[in-house]
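Since the structure comes first, as structure tokens, the remarks are kept for the end.
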Amino acid sequence: SVGKMNTLIRRLTGYARATGEGLRAFDAERVVRSVVTDKARRHSVIVSSTQRLMLMADPVQLEQVLSHLIQNAIDASRADTPVYVSMARDGLNGVIEIVDHGSGMSAEFVRAKLFKPFISSKADGFGIGAYEARLLVEAMHGRIEVESREGEGSRFTIHLPLATRIDADDPGAPSLQLTAKVS
């Protein structure tokens, strides 16, 4: 119990310090690949992207969200089953999906408990990660959708606004201004 409480305090202290950079335009692939590179050291994680995904979000907070959701997918999966992360556009949103073929969750758990703090399906879980992930995504004007079936796996889909004005991540690179003509 003491160990669990110390771990919880360390996690909560880390969340409080990580205030983020604020909403800005950035290339989501850089953040996704950074998290995947870290997680793939211990478990197979496969990334796919159909096109460049420039989001209007907070890259530090998106990194926290992805780190948590990818780790949950890894925890739910067998060692020989990869986790899949994909990026695409859908209308005015960028979409990042995390898919596992692990233990899955019941529809009742997803509907009533998944995003509630201090409720976890894991024996050693704290139940704050999914709750925090949803709060962070909503603060970035996005949403998280969840599909899951027990024994088959889960799909977490993050929808975040696409950048309408692209500010280059590389300060030396020229920025591209996108405008729409209204008649």
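The values are calculated or read from the model by the stated rules, or taken from the named source; none is laboratory data. No experiment lies behind these values; they were computed from the predicted model shown. Every residue, glycine among them, receives a Cβ derived from its backbone with ideal geometry; neighbour counts consider all protein chains shown. The accessibility values were calculated without ligands, DNA or RNA, using every heavy atom of the protein model including side chains. Shrake-Rupley method; radii C 1.70, N 1.55, O 1.52, S 1.80 Å.
Length gain on complete extension for the stretch LEU135 to ARG30, per 0.36 nm per residue less the alpha carbon to alpha carbon distance?
Roughly 35.6 nm would be gained on extension.
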Accessible area, probe 1.4 Å, largest first, for residues LEU92, LEU136 | LEU92, LEU136
Roughly what % antiparallel, to the nearest 5, for the DSSP beta bridges in the stretch 30-151?
-> 60
Take each of the peptides 54-63, 101-110, average the number of other beta-carbon atoms within 10 Å over its residues, and list them starting from the highest.
-> 54-63, 101-110
Tell me, what is the 1.4 Å probe accessible area of TYR84, in Å² to the nearest 10?
-> 90
Per the rule of 0.36 nm per residue minus the C-alpha distance, extending GLU108 to ASP38 adds in nm 22.0 nm
Note down the nm distance, to one decimal, between modelled labels 7 Å out along Cα→Cβ at VAL47 and at GLU147.
-> 2.4
Accessible area of HIS141 in the full protein assembly, 1.4 Å probe (Å², nearest 10) = 130
